Amino acid sequence: MNRNHPRLTALLILIVAALTLTPVVMLLLGSFSEGLTSFGSFTVDKYVEAYSDPYLLDVVVNTLIFVVGSSLFATLLALFLAYLNIRTDIPFKPLFVILSIVPMMIPHVLFAAAWALLLNPSNGVLNQAIQLIPGLENVAFNVYSLTGMIFVEGLLNMPVAYLIIAPALSSFDSALEEASRVSGAGVMKTLFRVTLPILRPALLAAFILSVVRVLAAYAVPRVLGTPGDVDVLATYLFEMISTGFAPDYGQAAALGMSVLSAAIVLIVVYRALTAESGKFVTISGRGFKPGVIHLKGARLPLLFIMAILSFVMIVIPVAQLLYTSLIPYAMVPGPKAWSLMSLQHWTTMFDDEVTWQALKNSVFLAVVGATLGVLLSLFVAYVSVKVRTAASTILETLTFLAFSFPGIVIGIGFMWFFVQTPLYATLTALLLAYIAAYLPYGVRPLASAFVQVHAHLEESSLVCGASMLTTMRRIIAPIILPGLISAWILMATMFMRELTVSVVLSRPGTEVLAVRILDFADDGLWGKLSALGIVMILISTALVLLAQGVGKWAKRRPEAA
């Protein structure tokens, strides 16, 4: 196997570089070109036009407020939930732990649409309900604003921040906090003087990763920002390539280079923070016991707050989609609404040929794309973990680079590439772009699984005459099966809900569900949007259950044999 390592590593570097660097290079070249039809006619005019637009300053200010506000809200909310779930004796802890990460399963475009239905200033269901309260007849929350965008995007990014902060809290040695309290400090003083300073790397890492994700966000700005005339860089870039008689891809590429550069810098900072987390280790070789803080009289109030948060993050959006799919127009739940409920929106949605095509395309991309993505991730993760060479480090860096790709920006890069090839406006183009954008999501769980596989198992197989592929198929793959299933589920759900790359690359015949839902939102067809959204959630859930069932079947096969 060692003889094959250099060849395998070189091949993987070529494949991953083609996937991750091609759109970046094309974006750079495109930013110096006149347009898609005159690629190679180099000019700096596009940079001048892009950065001399007086409206750009407003867009940048909106983007900064949106990105910082959403990331700060997501990080603080994640810290609050993680602290209560891990360090306190709050009731129903296992349930709240699961509920804290469930929002990851809801597509962003559906989550944004649900809150548009709930809090739009004209006929939002929650606004109508609030106005029925005496004295609040004129009160209406406007979700089509920067504040509304920050609120919804913060809720969507909270699970990512939670998954970074929670492990740090779990590994925290409570002896330090106990020493603080013995010295006379109260719970809050200990929290701010001891706990939070030690958690600083995790908090900063969660915040920066959230900044990268919000910078790349498109669903919330499009669904909530565009109706309120609040443009951020993602929507501003998309308008450049989708409005008018002559979309300006060169100008979009010029501005996109700045967004991409900022995202790459942030990812480098994120990796530096996570690499230095060892300096803040509080667990030594001695045994330690994670301390549990007794909430006493605060248990019930905090339990109520946790229940409300879980209700807001999960129950309300999904219930609103189901409710809207059954009523003819927006109205407050009540006897009249119940009497008018029907399956009309479901019927018209299923009679729509474009929707059926989008459904088939999304399922194909989710199943085939995730399978190919996991296959590539399997070898990339193996080389990254098991082959410690300069080349494997390059491979790992190229793979992780995709984390910094804002979807709209990298979609424009792929557009410059695919329009020069026969792949333009095909599902293959979307498939390649999906794998390139989400490869790290497949590599991460598999890399964690490979760490647990001892080299002796591979060596024994090789000594017995098995080839590398046979060893991978017969020895390694069965051992890391849970990691394979996790990677497949993660990539399949990501592909099923993908919007930002799709909105740039999809064309008639290659529409996907997320783009179709966005079309319904633009046309104000909220009933059809909600019905299709429920279908989308059900398909994602079915893919997860299918993968888990296949995993259980695969585990039983060796026992039966």
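Taking residues in region 248-274 that are within 18 Å of Val44 (Cα to Cα), and partners anywhere that are surrounded by fewer than 21 Cβ atoms within 10 Å (Cβ to Cβ) and among the small types (Gly, Ala, Ser), the pairs with Cβ atoms closer than 9 Å and at least 6 places apart or on different chains are Asp248/Gly35; Tyr249/Gly35; Gly250/Gly35; Gly250/Ser38.
This table checks each residue for (1) touching a Lys or Arg at 6+ places or on another chain (Cβ under 7 Å); (2) without any contact (Cβ under 8 Å) to a residue 24 or more places away in the chain; (3) under 23 Å from Pro482 (Cα atoms); (4) not assigned by TED's automatic domain parsing to the domain that holds Gly483.
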position: Leu375; (1), (2), (3), (4): no, yes, yes, no
position: Val383; (1), (2), (3), (4): no, no, yes, no
position: Ala390; (1), (2), (3), (4): no, yes, no, no
position: Leu431; (1), (2), (3), (4): no, no, no, no
position: Phe450; (1), (2), (3), (4): yes, no, yes, no
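Looking at region 201-221, which of its residues are part of a helix (DSSP H, G or I), of a type outside the set (A, V, I, L, M, F, W, C) and buried (at least 24 other Cβ atoms within 10 Å of the Cβ)? Listed by number, the residues that qualify are Ser210, Pro221. Considering only residues of region 262-291 that are surrounded by 12 or more Cβ atoms within 10 Å (Cβ to Cβ) and of a type in the set (Ser, Thr, Tyr), which is modelled with the highest pLDDT? The selected residue is Tyr270. Taken as a whole, region 58-73 holds at least one residue that is among the charged types (D, E, K, R) and more than 24 Å from Leu295 (Cβ to Cβ). Condition check: among the β-branched types (Val, Ile, Thr), crowded, with 23+ Cβ neighbours inside 10 Å, at pLDDT below 90 and more than 29 Å from Leu119 (Cα to Cα). Does Ile164 satisfy that? For Ile164, the condition - among the β-branched types (Val, Ile, Thr), crowded, with 23+ Cβ neighbours inside 10 Å, at pLDDT below 90 and more than 29 Å from Leu119 (Cα to Cα) - is met.
Scan region 31-41 and give yes if some residue there is surrounded by 13 or more Cβ atoms within 10 Å (Cβ to Cβ), touching a Ser or Thr at 6+ places or on another chain (Cβ under 8 Å) and charged (D, E, K, R), otherwise no. Scanning region 31-41, I find at least one residue that is surrounded by 13 or more Cβ atoms within 10 Å (Cβ to Cβ), touching a Ser or Thr at 6+ places or on another chain (Cβ under 8 Å) and charged (D, E, K, R), so the answer is yes.
Among the numbered conditions (1) exposed (fewer than 13 other Cβ atoms within 10 Å of the Cβ); (2) in the same structural domain as Tyr162 (by TED's automatic domain parsing); (3) not acidic (Asp, Glu), the only one that Phe73 does not meet is (1). Pick out the one residue from Val125, Val109, Val68 that is touching a residue at least 40 places away in the same chain (Cβ under 8 Å), out of contact with any helix residue (DSSP H, G or I) (no Cβ under 6 Å at 6 or more places or on another chain), farther than 19 Å from Leu302 by Cβ and surrounded by 15 or more Cβ atoms within 10 Å (Cβ to Cβ). Every option except Val68 fails the conditions. Of all the listed residues (Leu481, Leu423), the sole one being closer than 25 Å to Ala542 by Cβ and at pLDDT 70 or above is Leu481.
Residues in region 314-344 that are in contact with a Leu (Cβ under 8 Å, 6 or more places away or on another chain) and more than 22 Å from Gln128 (Cα to Cα): 1 in all.
Screening the candidates Asn157, Asn142, Asn120 for the property of being polar (S, T, N, Q), out of contact with any Leu (no Cβ under 7 Å at 6 or more places or on another chain) and under 19 Å from Gly533 (Cβ atoms) yields one hit, Asn120. For region 89-145, the tally of residues that are within 18 Å of the chain's Cα centre (by Cα) and assigned to a loop (DSSP other than H, G, I, E, B) stands at 4.
Every residue, every condition in (1) in contact with a strand residue (DSSP E or B) (Cβ under 6 Å, 6 or more places away or on another chain); (2) more than 21 Å from Ile410 (Cα to Cα); (3) modelled with pLDDT of 90 or more, yes or no:
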{"site": "His5", "(1), (2), (3)": "no, yes, no"}
{"site": "Leu14", "(1), (2), (3)": "no, no, yes"}
{"site": "Leu27", "(1), (2), (3)": "no, no, no"}
{"site": "Gly40", "(1), (2), (3)": "no, no, no"}
{"site": "Ser52", "(1), (2), (3)": "no, yes, no"}
{"site": "Asp58", "(1), (2), (3)": "no, yes, yes"}
{"site": "Asn62", "(1), (2), (3)": "no, yes, yes"}
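The values are calculated or read from the model by the stated rules, or taken from the named source; none is laboratory data. Predicted model only: the values in this text are computed from it and were never measured. As a convention, Cβ positions derive from the backbone with ideal geometry for all residues, glycine included, and neighbour counts pool all protein chains shown.
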